[in-house]
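The values are calculated or read from the model by the stated rules, or taken from the named source; none is laboratory data. Just so it is clear, the structure is predicted and the values come from calculations on it, not from any experiment. For neighbour counting, all protein chains shown are included, and Cβ atoms are generated from backbone atoms with ideal geometry for every residue, glycine included.
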Amino acid sequence: MVLGVVGSNPITYPKGRLSNKAAFCFLTLSKKPPACLLHPEAFLLSLFGMKRRTIYKYLTIGIGLVWFVNGFFCKLLHLVPRHELIVARILGPTYAAPLTRIIGLMEVGMAIWIYSRRMPRMNMLIQIMVISTMNALEYWIAPDMLLWGRANAVFAFLFILLIIGNEFYLNPKAGIETHSL
């Protein structure tokens with residue numbers, strides 16, 4: 001499928017991988033906003049060619065993996081010592097090692113809770129509170145120790161949006177109908 005032309009080179013996408021609706025969204029230059037901007041979840045569904053339940057499942061696995069990897073590998077196995085240094089800066093060096101491991105256990109617990117799919121809305125709210133609190137403390141107290149400095153807050157905000165979108169728009173039990181284009 002040809003999406004457009006840059007110079008004399010056509011921009012193509014493999015046939016069958018991108019629906020006509022998604023291609024139309026890329027190429028629309030009319031005064032009226034394209035449907036993909038009005039209903040982004042429908043656009044994503046048509047772009048990736050997956051059902052809502054499948055996208056929800058993969059995103060849930062990914063979100064759980066973020067919590068598991070940060071908790072188990074970074075904090076419990078101490079593969080990223082920077083995490084303990086951040087805890088020491090915020091809570092003091094005396095109990096930084098055990099507190100880092102407790103935080104790691106709690107993050108692994110969050111991953112297990114995500115995978116259990118029990119009380120997903122409550123889980124989402126707690127994730128948002130934990131991510132917001134952790135990143136606010138790190139932003140003000142230890143920005144020099146963060147992987148991307150103060151820009152970490154942007155990634156945290158995007159992660160929060162992903163969690164909200166996954167729960168409110170993609171969760172099959174959310175009761176929100178997917179709009180057809």
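Some observations on this one:
- Residue-level check: of (1) part of a helix (DSSP H, G or I); (2) farther than 20 Å from residue 82 by Cβ, residue 138 misses just (2).
- For residue 111: the one exception among (1) in contact with a Lys or Arg (Cβ under 7 Å, 6 or more places away or on another chain); (2) within 17 Å of residue 56 (Cβ to Cβ); (3) at pLDDT 95 or above: (1)
- Any hit, segment 60-81, residues being assigned to a helix (DSSP H, G or I), among the aliphatic types (A, V, I, L, M), more than 30 Å from residue 169 (Cβ to Cβ) and at pLDDT 90 or above: yes
- Looking at 82, 121, just one residue is loosely packed, with under 15 Cβ neighbours inside 10 Å, closer than 23 Å to residue 54 by Cβ and in the same structural domain as residue 56 (by TED's automatic domain parsing), and that residue is 121.
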